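In what follows, a single structure is set out as structure tokens and then discussed.
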Amino acid sequence: MSSRIATRFESMLAQDNRIKRSADYKRVFETGQKMFGRYVIVFFSPNQLENSRFGIITSKKLGNAVVRNRARRQIREIIRLQFNDTKARYDVVIVARAAIVGKTAAQIQKDLYVNFRKAGLC
């Protein structure tokens, strides 16, 4: 049982790599730049920390809680695997668009990669 729990927590984005306070979200929206993708909108702003932090927003426009949570899980896992080693000292907020519903992780990953490259984050 303990290996199952360890595996579950290893697949999560680290707590120090998450944006938690609404003031931090607000700062990124007000002072940051944004990139529009097919499935996501990426807001980013420099921070004063040693690492980058990520926040994910899914609105009710996507669908019910199951659909929103699936989108959040997919984005979080892509960040953990691919983009966790982005340029340090950025706060990044990813807003899921309605077009994300029903898309595969590979399609979402490609869209995120394009936006991160345009933004100069990776």
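The values are calculated or read from the model by the stated rules, or taken from the named source; none is laboratory data. Small disclaimer: the values here were computed from a predicted structure and weren't measured. Counting neighbours? That spans all protein chains shown, and the Cβs are built from the backbone with ideal geometry, glycine included. Please note that ligands, DNA and RNA were not included when accessible areas were found on the heavy atoms of the full protein model with its side chains. Shrake-Rupley method; radii C 1.70, N 1.55, O 1.52, S 1.80 Å.
Considering only protein heavy atoms and a 1.4 Å probe, what is the carbon-and-sulfur percentage of the accessible area of segment 9-122? Before the final figure, lay out the partial values.
Values: 3400 of 6660 Å².
The computed percentage sits at 51.
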*Would you grab the residues whose amide H sits under 5 Å from the one on Val40? Only those 5+ places off in sequence or on another chain, please, with H modelled 1.01 Å from N.*
Arg97
_Less than 20 Å apart at the alpha-carbon level, and either on another chain or at least 8 residues along: which lysines does that give for Lys103?_
Lys60, Lys61
_Springs between alpha-carbon pairs under 10 angstrom, Gaussian network model over the chain: which of Phe54, Phe29, Phe44 fluctuates most?_
Phe29
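What do you get when you divide the Cα radius of gyration of segment 13-122 by 2.2 N^0.38 Å, with N the number of residues?
Values: Rg = 12.8 Å, N = 110, 2.2 N^0.38 = 13.1 Å.
Cα-based Rg divided by the globular estimate yields 0.98.
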*Contour excess over end-to-end distance, with Cα ends at Val67 and Glu50 and 0.36 nm allotted per residue*: 2.8 nm
*How many percent of Cα pairs in segment 76-122 exceed 12 Å?*
65
*With all protein chains present and a 1.4 Å probe, how do Thr58, Thr104 order by accessible area, largest first?*
Thr104, Thr58
_Separation between Cα centres of segment 29-56 and segment 73-112, rounded to whole Å_ = 11
_Under the Karplus curve 6.51 cos²θ - 1.76 cosθ + 1.60, θ = phi - 60°, whole-Hz ³J(HN,Hα) for segment 66-76, x wherever Gly or Pro sits_ = 4, 5, 5, 5, 4, 4, 4, 4, 4, 5, 4
*In deg cm²/dmol, rounded to 500, what helix-only [θ] at 222 nm does the chain give when every DSSP H run of at least 4 residues adds -39500 (n - 2.57) and the total is split over its residues?*
-12000 deg cm²/dmol
*Residues of the chain: accessible area per residue at 1.4 Å, in Å²?*
62
_Top positive-direction residue, dipole computed over the chain with Cβ charges, set Ile100, Ala119, Gly63_ = Gly63
